Every structure is written in structure tokens, then in C-alpha cells.
Amino acid sequence: MDYKPTIGLEIHAELKTRTKMFCDSLNDPNEKHPNENVCPVCLGHPGALPTINKQAVEHVIKVGFALGGKINPITKFDRKNYFYPDLPKGYQISQYDQPLVVGGELNGVRVRRVHLEEDTGTLIHDNKDNSSLVDFNRASVPLMELVTEPDLKSAEEVTAFARELQLILRYLGVADADMEKGQMRIEANVSINMGTKTELKNINSFRFAKDAIEYEIKRQIEDLEKGVEIRQETRGWDEAKRKTVSQRSKEEAHDYRYFPEPDLPPFETNVFDLEALKDSITELPAQKRARFAKEYKLDDKQIEILVGSPDMANYFEEAISELRAMITKPTVLSSGAIATYHYLTSDLRGLMNESDTGFADIKIDPEHLAHLVSLIEKGKIGSRQAKDVLKKMFDTGLDPEDIIKSEGLETVSDSGELEKVVKEILEKNPKAVEDYKKGKAASMQFLIGQAMGRLKGRGNPATLKEIFEKELK
């Protein structure tokens with residue numbers, strides 16, 4: 001029998017807003033003290049009434065536009081009733097039959113809906129005394145839920161979809177969607193040949209999502225081959241045991257007894273400036289990839305590294321803009337763009353990682369990085385010296401040319417001085433000279449390396465090679 005997996009997704013992402021979804025308590029994911037950002041509304045005290053967070057609604061509308069969805073002209077909130085220790089009200093304010101966004105598409109996968117709800121609190125388990133504590137700081141944080149149609153066929157398609165959605169949320173500025181911090185969670189409904197589905201719940205890493213879905217597909221196929229009936233249930237991923245485990249039977253919509261939220265009336269979405277929200281959407285990842293390939297001649301891997309970090313992509317573009325003012329020759333500018341990419345993603349990124357510094361805090365501005373690259377492309381400084389200069393730029397924020405002059409690092413281009421060094425190296429290395437004359441090309445690189453060492457990295461390798469070849473004729 002031909003087994004074909006069918007997968008639908010429900011992805012939750014906490015939204016970046018100043019306050020929570022229905023109250024004025026701070027939405028601060030970095031708060032370390034439990035139950036600090038709470039109030040009678042988000043704790044569900046009797047008589048406390050919710051009000052809608054306008055910014056959260058605008059965030060979801062922007063996501064809808066970015067995915068090509070339809071903004072519902074009239075929307076409302078509903079009560080989703082269930083009882084759990086981390087749910088202070090005894091119900092969750094969510095959206096049921098009139099979500100903010102209907103339809104849309106991403107990576108060829110149809111989006112069924114995007115709606116807005118509130119997050120739950122956090123359970124903290126203490127294994128020492130077998131107790132559980134509840135932190136309500138996260139309770140009522142704005143939570144976007146995106147539901148797809150069952151269009152995905154593999155774990156690889158799921159992770160590709162989720163990564164692209166994470167990028168879009170970051171480009172829109174509506175969510176950080178950091179899975180390690182629980183700001184984005186994946187739930188996958190998995191079935192074989194459109195049969196009974198199981199729901200994999202609250203997966204908080206792309207790797208876990210891939211592993212859990214692959215295991216679940218394999219488990220269901222093996223059960224079907226043995227004649228075991230697939231049960232509709234919710235399962236979790238046990239990383240230690242490398243398997244999915246049953247948690248509970250799957251709830252249906254009627255189990256939650258949805259009904260319209262009586263404290264929040266339905267509202268028309270045209271009370272928001274929809275055109276302004278649509279126009280505020282900047283270039284999205286797919287568009288940026290196409291433009292980077294065309295403008296900068298970068299390969300797919302290089303483009304993916306840049307586009308994967310909005311801050312780094314913006315820094316790169318600002319540096320290239322400055323570089324264009326310094327280098328006008330197209331071929332040199334093209335090689336300069338590649339050099340900028342390498343110094344940014346390798347050397348500069350390495351320094352940033354070592355010091356745990358973000359792009360908002362580094363002392364090197366894009367103009368200075370462009371200036372460093374232009375000095376390299378013009379032969380005023382070698383690549384070895386450039387690394388030292390970049391480190392000093394990172395520490396001080398100074399312009400590279402100022403550092404080069406003060407440290408005496410400018411490349412030696414004077415032919416007289418270079419010829420003197422070349423003759424000295426040839427005299428000291430007769431064996432390498434003999435090997436070169438016997439046809440060993442590697443000897444030339446050895447001689448150039450010796451000369452560069454003598455010049456403390458300040459020689460021009462191409463000029464040195466020309467002088468060595470002339471002397472060795």
C-alpha cells in the first residue's frame with residue numbers, strides 16, 4: 001500500500017507589544033521575577049473587564065496582508081472554555097468563527113486563518129518536592145495563531161514553512177518568535193492517507209518538530225501495517241526517549257463550548273487604517289532574496305545567511321551603499337560586495353559573538369566597514385592587515401584609515417623596497433629557489449610568504465609575485 005502523510009499546522013507566536021492583550025500589565029518576556037507583571041484583569045478576578053490591545057490587532061492584520069489573506073470586515077472574540085492551572089480565568093479569550101484573517105498562502109501552503117488570542121501562564125515543576133508552581137507573567141500576552149490547510153507532506157516541508165513564517169514575523173517587526181524562549185510554538189496534525197489524525201502539541205524547536213513528525217509518520221505507518229487502529233489523540237515529543245507519547249484524547253470544538261465573549265463586542269476592522277497598515281509592510285524575505293541575487297551576485301547560501309537576519313541584511317545594504325560612493329568601477333564594486341559579505345559574516349560576526357554584541361550596539365558603523373573594504377580593493381592594505389584593523393575598529397569605533405596611519409600598517413607598494421626584500425629572501429632560501437626552477441610551483445608561495453613575514457604582512461602579494469618571477473628568470 002502507498003502511504004502518503006498529510007500534515008496541517010497550528011503555529012502560535014507571541015506578539016511584540018508594550019502591554020498584554022486585554023489589560024495594561026507589561027508584556028515583558030525578559031521579566032525574571034514570577035507574577036510581577038499581573039493585574040486583576042489578567043488574573044481573572046471577578047468584575048475585572050478586558051479591553052482590546054489595538055497594536056496586537058494591527059500586528060495580525062499586517063501578517064494577513066503579508067500572506068495575501070483577507071481581512072475580515074467584522075471580527076469578534078470568543079470564550080474557549082477549559083480548566084487548567086495556568087489558565088487563571090477558567091477560559092481563554094480567543095477567536096472562533098470570525099477570525100481577523102481568512103485565507104492566504106506561504107511556500108505553496110494554503111493558510112486557513114490567522115486569529116488573535118491570549119497566552120496562558122507558565123507551569124514550573126519542582127521535582128525535588130514533587131510540586132508545581134504557576135507564573136502568570138505570560139498570562140494574557142497577545143498570541144497570534146496561524147492555521148494551515150493539510151497541504152504539507154513531510155517534516156522538511158514543515159520546518160521550511162515554519163522558518164519562513166518566523167522570518168516574516170521578524171521582518172514585519174510584530175514578533176521575535178524565538179522558539180528557545182517559547183515565543184513561537186508548533187503544533188502539527190499528522191495523518192496517513194487523510195485518515196485519523198494525531199496532534200503533536202507545543203513543539204518549541206525546529207529540530208524537535210522535524211524529529212517528532214518523522215517519528216509520528218513512521219509510527220502510524222507501522223500501526224496501519226499491523227492492523228492497529230490510529231486513535232485521535234494529542235501526543236507530545238519526548239526528546240530523551242526519541243518518541244512521541246500519548247497525552248490525552250483530542251478535543252473537538254464542542255468540547256470547548258465556544259461562545260461570543262460577552263465583555264468585548266464585535267467590531268469592524270475598517271476602524272483601523274487598513275491601507276496605511278498594508279503600505280507599512282517593507283520588503284519581505286522572498287523579495288529580498290531575489291533582489292540580492294540580482295544586485296549583488298551572491299550565491300544562494302550567502303543570500304540565505306544575510307536574509308536570515310534582518311539586522312545583518314540591513315547593515316550589509318548600508319555598507320554597500322557607502323561602498324558605491326567610494327568605488328565606481330563596476331568590476332571592483334562587484335568584488336567589493338563579496339568582500340563586504342565575507343568580512344561581515346565571518347570576521348565581524350565572530351567579534352560580535354565573542355563579546356555578545358548585537359548590531360544595535362557595535363561601534364563599527366556600515367560606512368567604516370565599507371571604507372575598510374575599499375582600502376583592501378585599492379591595494380592600500382592586505383587581507384592579513386585588514387583583520388587586525390577590523391579588531392581595532394571593533395574596539396575603538398575609529399575609521400580604518402586613521403588606524404592604518406597611526407599603526408603604520410599601510411601596504412608597502414614601493415618597488416625599490418619590495419625588490420630589496422625579495423633579493424634578501426632569495427639569498428636566504430637557495431633550496432626554494434632551486435625547487436622553483438625545477439618546476440615546483442608551491443615554492444613561489446613559500447617565497448612570497450617569507451617576504452610577507454619580513455614585511456609584517458604589509459606587502460602586496462601580487463606585486464611581490466611579479467618581482468620574484470622577474471628575479472628568478
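The values are calculated or read from the model by the stated rules, or taken from the named source; none is laboratory data. Since the model is a prediction, treat every value here as computed from it, not as a measurement. Using ideal geometry, Cβ is built from the backbone for each residue, glycine included, and neighbour counts are taken over all protein chains shown.
What to note about this one:
- Qualifying residue in the range 384-393 (condition: at pLDDT below 80, assigned by TED's automatic domain parsing to the domain that holds Glu367, farther than 18 Å from Gly350 by Cβ and in contact with a Gly (Cβ under 7 Å, 6 or more places away or on another chain)): no
- If you filter the range 18-60 down to residues that are polar (S, T, N, Q) and within 30 Å of Gly103 (Cβ to Cβ), you find that the one that is surrounded by the fewest Cβ atoms within 10 Å (Cβ to Cβ) is Thr51.
- Applying the criterion of being surrounded by 21 or more Cβ atoms within 10 Å (Cβ to Cβ) and modelled with pLDDT of 95 or more to the residues of the range 200-216, the residue that is farthest from Ala155 (Cα to Cα) is Leu200.
- Criterion violated by Ala160 - all others in (1) part of a helix (DSSP H, G or I); (2) crowded, with 21+ Cβ neighbours inside 10 Å; (3) free of Cβ contacts under 8 Å to residues at least 60 places away in the same chain satisfied: (2)
- Considering only residues in the range 226-243 that are touching a residue at least 24 places away in the same chain (Cβ under 8 Å) and in a loop (DSSP other than H, G, I, E, B), the one that is surrounded by the fewest Cβ atoms within 10 Å (Cβ to Cβ) turns out to be Glu229.
- Residue tally, condition assigned to a helix (DSSP H, G or I), hydrophobic (A, V, I, L, M, F, W, C) and closer than 15 Å to Val60 by Cα, over the range 263-309: 4
- Any chance Leu375 is under 18 Å from Ser406 (Cβ atoms) and outside any loop (DSSP other than H, G, I, E, B): yes
- Members of the range 155-197 found to be hydrophobic (A, V, I, L, M, F, W, C) and more than 24 Å from Ser280 (Cβ to Cβ), listed by number: Ala155, Val158, Ala160, Phe161, Ala162, Met179, Ile186, Ala188, Val190, Ile192, Met194
- Pair list, Cβ under 8 Å, 6 or more apart: the range 179-195 residue more than 18 Å from Glu214 (Cα to Cα), other residue among the small types (Gly, Ala, Ser) and crowded, with 20+ Cβ neighbours inside 10 Å: Gln183/Ala13; Gln183/Ala175; Gln183/Ala177; Met184/Ala13; Met184/Ala162; Met184/Ala175; Met184/Ala177
- Qualifying residues in the range 176-195 (those that are assigned to a loop (DSSP other than H, G, I, E, B) and surrounded by fewer than 16 Cβ atoms within 10 Å (Cβ to Cβ)) - the one nearest to the chain's Cα centre (by Cα): Asp178
- Near pairs, Cβ below 6 angstrom, 6+ apart or cross-chain, from the range 287-311 (modelled with pLDDT of 95 or more) to any residue that is polar (S, T, N, Q): Ile305/Thr345
- Cβ separations smaller than 7 Å between residues 6+ apart or across chains give the following pairs from the range 364-377 residues that are without any contact (Cβ under 8 Å) to a residue 60 or more places away in the chain to residues that are not in a helix (DSSP H, G or I): Ile364/Gly397; His368/Asp399; His371/Asp399; Ser374/Ile327; Leu375/Ile381; Glu377/Ile327.
- Leu43 vs. criteria under 22 Å from Arg138 (Cβ atoms) and not polar (S, T, N, Q): yes
- Counting only residues that are within 22 Å of Thr17 (Cα to Cα) and among the polar types (S, T, N, Q), the range 149-201 holds 2 of them.
- For the range 286-313, a residue qualifies if it is under 24 Å from Asp361 (Cβ atoms) and either touching a Cys at 6+ places or on another chain (Cβ under 8 Å) or surrounded by 15 or more Cβ atoms within 10 Å (Cβ to Cβ) (or both), and the qualifying residues are Lys288, Ile305, Leu306, Val307, Ser309, Pro310, Met312, Ala313.
- Matching residues, the range 333-349, being under 13 Å from Met312 (Cα atoms) and surrounded by fewer than 18 Cβ atoms within 10 Å (Cβ to Cβ): His342, Thr345, Ser346, Arg349
- In summary, Phe267 fulfils each of the numbered conditions (1) over 30 Å from Asn53 (Cβ atoms); (2) out of contact with any Asp or Glu (no Cβ under 9 Å at 6 or more places or on another chain) with the single exception of condition (1).
- Any hit, the range 9-17, residues being buried (at least 18 other Cβ atoms within 10 Å of the Cβ), of a type in the set (Ser, Thr, Tyr) and in the same structural domain as Tyr215 (by TED's automatic domain parsing): yes
- Inclusion of Leu133 among residues that are touching a strand residue (DSSP E or B) at 6+ places or on another chain (Cβ under 6 Å), assigned by TED's automatic domain parsing to the domain that holds Asp78 and farther than 30 Å from Lys70 by Cβ is warranted.
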